[in-house]
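The values are calculated or read from the model by the stated rules, or taken from the named source; none is laboratory data. Predicted model, so just to flag it, every value in this text is computed and none were measured. A quick note on method: Cβ atoms are made from the backbone with ideal geometry, for glycine too, and the neighbour counts reach across all protein chains shown. Surface areas here come from the heavy atoms of the whole protein model, side chains and all, with no ligands, DNA or RNA. Shrake-Rupley method; radii C 1.70, N 1.55, O 1.52, S 1.80 Å.
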Amino acid sequence: MWHDIYLRAVLQPDYSYATEHLLPHLFDALTAHALMLDGCGVAHAAAAAAHLRAMREQPFPPYDPRIEDVFFTLDQALLQRDPAAAGALRTALSRNDLDMTIYRLSARLRLMRALARVLNLRRTLLAFAGREVDTVIVAYTHHQPAQPTTLAHYLGAVEHNLARDTQRLFGALGRLNLSPMGAVALGGTSFPIDRERTARLLAFDGPLENTYDAVSASDWQVEVASTITIASTTLSRVLHDLLFWASRGLISLEDGLVQGSSVMPQKRNPVALEHARTKFSKAIGMTQSVILSSHNVPFGDINDPGPDMQPSLHSMWQEFREGVELLTASLTAPTVDREAWLFEARQGESVVTELADAITRQTGDGFRDAHARIKRLLAALHAQGRTLSGVTLGDLREVGVTITEAELRGALDPAAFIARRTTLGGPAPGVMRTQLQQAAGRLETDAARHAQLTQRFMDARTHLQGEPALPAGPPAHGGTA
């Protein structure tokens, strides 16, 4: 009989987690194994597959402290139904390769769901950006006003980051979507099994070629956690900006995403953004737990990167999911105070780069000289307590610059500043609309790839549940990387 503390601290929590989150993957892996064995001529394997298909539709047995885990619970239930089938199923099978297969199937499903949410956030960002191509904002560098740009330019930059995150997630999918089944304990088996068929039935891209690697590797879990860390880090930076803008009234969230105050009637606190920020911080915290569970442990089948890691991965996926969903909702229909943003751009000094550019074009003396003249101009204005918006041609003559009134006013116009930035990647409206169209095309390509993979994985499960149609064959090895 198990020690009470081992039951309470390990076996019962593991059983609860597995029955809540891993059972469909357990049935998938065992059914694929049984079908493969049947194809290899193992007696009673077909019966084992049939029993598994029936058993997955029935309530799973509750926790019994006399039985170690969900595998042995299922094994005992199958033994009671059909001893010969239970014996056949154990051919060339270990919990080592079975567990790692289940963890990969679970991670695959979670990763596909995360991809769907990232794609939806990208779609939301592009829709928002499309409405704000002409919305002037002041961009900051080093926490100081820097240059005018547009809200669309900012949102497009965020979408570009998420597009790279999408490719990282697809790449991680390609490396996790390999089958450990048939590795058995670690040394393979003397039975003539067909590992390729098992992989195909589970919609893996192929089997892991080295059986020791198959039951020992945790790099794919660390990679998945790392991609979530990267995406969460970027989105936490975006949330910092959104909260800064919200604090100044430049953007406002919908009523259902803000909270008031029990004392201050005027408050509309953007709490959805705060909670999203917390979610991403917690997701990053969970990724560190995943990494540390693989750190400085033997390269073999052990609990640290196996069952003990799964709750951390579960929490990571959950926090990331909720953070993305909160951020997506916040960006779907916020109110933008375009006039306030434009006023800031007109009253500040963010346009002076264009004034230096205009002087360079007019004098032909080079940008270095124009830069120095503008610094002297700003120093004189500050000493007089004046703003750049009130600069005169006389002020410019004091620093040795002669331009026309039209050139001066054009250089100080934030919208004109933006309109002149027509080089690749710039914020000029025409350039920006082209960028957004291209981004939308990339997004739809990624969405189509996601839909194709989703269908392939669904078809595999449908077949394993008992439908007659075989799943589509996999692409070339590593094709989803």
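Values for this structure:
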item	result
V42 - accessible surface, heavy atoms, 1.4 Å probe, Å² rounded to 10	40
Contour minus Cα-Cα distance for E209 and Y17 (0.36 nm per residue)	66.2 nm
Whole-number accessible area per residue in Å² for the chain, which is evaluated in the context of all protein chains at 1.4 Å	46
Ellipsoid equivalent to segment 161-227 - semi-axes via the Cα gyration tensor, in Å	27, 13, 6
Between segment 237-277 and segment 144-169, the alpha-carbon center distance in angstrom	21
Environment charge at E467 (Cβ cut-off 12 Å; Lys +1, Arg +1, Asp -1, Glu -1)	+1
Accessible area in the full protein assembly, largest first, 1.4 Å probe, for W220, W2	W2, W220
Accessible area (Å², 1.4 Å probe, nearest 10) - M309	0
Under-5 Å amide H pairs with A146, H placed in peptide plane, nonlocal only	A139, Y140, T141
Student exercise, the chain dipole from Lys, Arg, Asp, Glu Cβ charges, in Debye to nearest 20	1000
Distance between modelled label sites at Q80 and Q362, nm, 7 Å Cα→Cβ extension	9.2
Sites matching trypsin sites (Lys or Arg not before Pro) across segment 318-400 that sit in DSSP coil, with at most 15 neighbouring C-beta atoms within 10 Å	R386
Qualifying GluC sites (Glu not before Pro) in segment 226-328, DSSP loop, other Cβ atoms within 10 Å at most 14	E254
Nearest 10 degrees, 0 to 90: helix 352-363 Cα axis against the chain principal axis	50
Percent carbon-and-sulfur accessible area, the chain, ignoring ligands, DNA and RNA, probe 1.4 Å	54
Radius 14 Å from Cβ of V391, net charge of other residues (Lys, Arg +1; Asp, Glu -1)	0
Amide N of segment 224-268 lying under 17 Å from the label point, which is placed 7 angstrom from the Cα of R449 along Cα→Cβ	224, 227-228, 231
Sparse-neighbourhood loop sites, trypsin sites (Lys or Arg not before Pro) in segment 261-306 - DSSP loop, at most 13 other Cβ within 10 angstrom	K267
Reduced Cα scattering model of the chain, Debye log10 I(q)/I(0), q = 0.05, 0.06, 0.12 Å⁻¹	-0.30, -0.41, -1.05
Dipole of the chain, positive direction: furthest Cα of S315, L381, T454, with charges on the beta-carbon	L381
Counted charge near E196, where neighbours are those whose Cβ lies closer than 12 Å (Asp, Glu -1; Lys, Arg +1)	0
